[in-house]
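Here the structure comes first, spelled out in structure tokens, and everything after it is commentary.
The values are calculated or read from the model by the stated rules, or taken from the named source; none is laboratory data. From a predicted model like this one, the values you see are computed outputs, not experimental measurements. The area values use the complete protein model at the heavy-atom level, side chains included, leaving out ligands, DNA and RNA. Shrake-Rupley method; radii C 1.70, N 1.55, O 1.52, S 1.80 Å.
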Amino acid sequence: MDIQLWHEILDPYELAVQELVVKFNHVIKEHHEKGLYSPIEQVTGRVKTVSSILEKMQRKHIPVDEMESQVEDIAGIRIICQFVEDIEKVSELIEQRNDIEIKSEKDYIKHMKPSGYRSYHLIVYYTVETLGGPKRLQAEIQIRTMAMDFWATIEHSLQYKYKSNIPQHIKERLSNAADAIIALDNEMSTVRSEIMDAQNSSQIQINLVTDILNNIENLYKLSNKREVAKIQNEFYKIYALNDLEQLKRFHTQLDIIAEGYRAQAVTDEF
Ligand code: 0O2
């Protein structure tokens, strides 16, 4: 296969990875904008390298003309969650989408690999638009916690270093570390609701402060500067109290004031 052909084959996968990363990042944004805890913490993506595709085809005896159907992870998306419970939520979110169709799943969390690897994998169909028309392709979505990702990243580097022949004593260490990761994920799960509450209220506070600052900035353009300076000082005082309820009240009052000025500005224009 010549280089140009590889580019032609891999280009739609590149597009799929880019689109999916944008879409999952948008899911995070939507949660934050609504002041909600996001089950997705971070998303990354990659297109498998040509050498890695060739290695897999050789190892699994895949003929060249079956590459796209049998190498299911040419496009790869990795979704990192904070808690094990989030993994199911993310999987449900994906299931509900119209632009992604699930082909199969592999649950290496319920069924940990002998290496100690844990992660939830989905093979999905996703369609990209190309000059030649729509192209339906496969992608692998790996969903795992930050702790699982930490383990997998280290183990992957060791596999690379030892060319898959990791010495027995390191394998044992990795296996112990995998057990520690299970214990850590379980321990973190017990404080999940507290952490979610904390993150929810911190996100609500961030959204309120952003809104208030936007309103103050707009008021500067429309109203008396001394009045706005007073409002700003009031905001600093309330902000320093670190009381979400007071901040919400201030936000509502400021909204009413800003609305009045906007109405006045519109009337003045006429
Ligand atoms: P890369 O470098 O991540 O792109 P295979 O595992 O390739 O023989 P299969 O059945 O297609 O075959 O896939 P499987 O077992 O579901 O694994 C697919 C991907 O999961 C791997 O991609 C890894 O990313 C990850 N993975 C699976 N097992 C392990 C493991 O023991 N340790 C680590 N660190 N990751 C694992 P690739 O193809 O290895 O490549």
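Here are the numbers:
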| item | result |
| --- | --- |
| More than 17 Å apart - percent of Cα-Cα pairs taken over region 195-269 | 46 |
| Alpha carbon convex hull of region 148-215, volume per residue in cubic angstrom | 93 |
| Over the chain: Rg over Rh, Cα atoms, Kirkwood Rh | 1.12 |
| Karplus-derived 3J(HN,Hα), 6.51/-1.76/1.60, for each residue of region 74-81, Hz, glycine and proline x | 4, 9, x, 10, 10, 10, 9, 10 |
| Cα-based helix-to-principal-axis angle, 244-269 vs the chain, degrees rounded to 10 | 70 |
| Accessible-area composition of the chain, carbon plus sulfur, in percent [1.4 Å probe] | 53 |
| Cα shape, region 1-136, gyration tensor, a/c 1.5 rule | oblate |
| The chain - share of DSSP beta bridges that are antiparallel (%, nearest 5) | 75 |
| Mean separation of Cα contacts under 8 Å, 6 or more apart, over the residue count of the chain: relative contact order % | 16 |
| Kirkwood-based shape ratio for region 46-200, expressed as Rg/Rh from alpha carbons | 1.01 |
| Ellipsoid semi-axes in whole angstrom, largest first, where each is sqrt(5λ) of the Cα gyration tensor of region 115-270 | 53, 26, 13 |
| When each of Lys56/Lys163; Lys48/Lys135; Lys60/Lys89 is checked by Cα-Cα distance, pairs over 24 Å | Lys60/Lys89 |
| Binned Cα-Cα distances of region 113-195, short to long, each 10 Å bin given as a whole percent | 15, 34, 25, 18, 8, 1 |
| DSSP-defined beta bridges in region 32-163 - what % are antiparallel, rounded to 5 | 75 |
| Most to least accessible of Asp197, Asp255, Asp73 (protein chains only, probe 1.4 Å) | Asp197, Asp255, Asp73 |
| For the chain, built as a Gaussian network whose Cα springs stay under 10 Å, the top-fluctuating residue of Ile212, Ile102, Ile141 | Ile212 |
| Accessible area of the chain divided out per residue, in Å², using a probe of 1.4 angstrom | 62 |
| The chain: angle of helix 168-190 to the longest principal axis, Cα-based, in degrees nearest 10 | 30 |
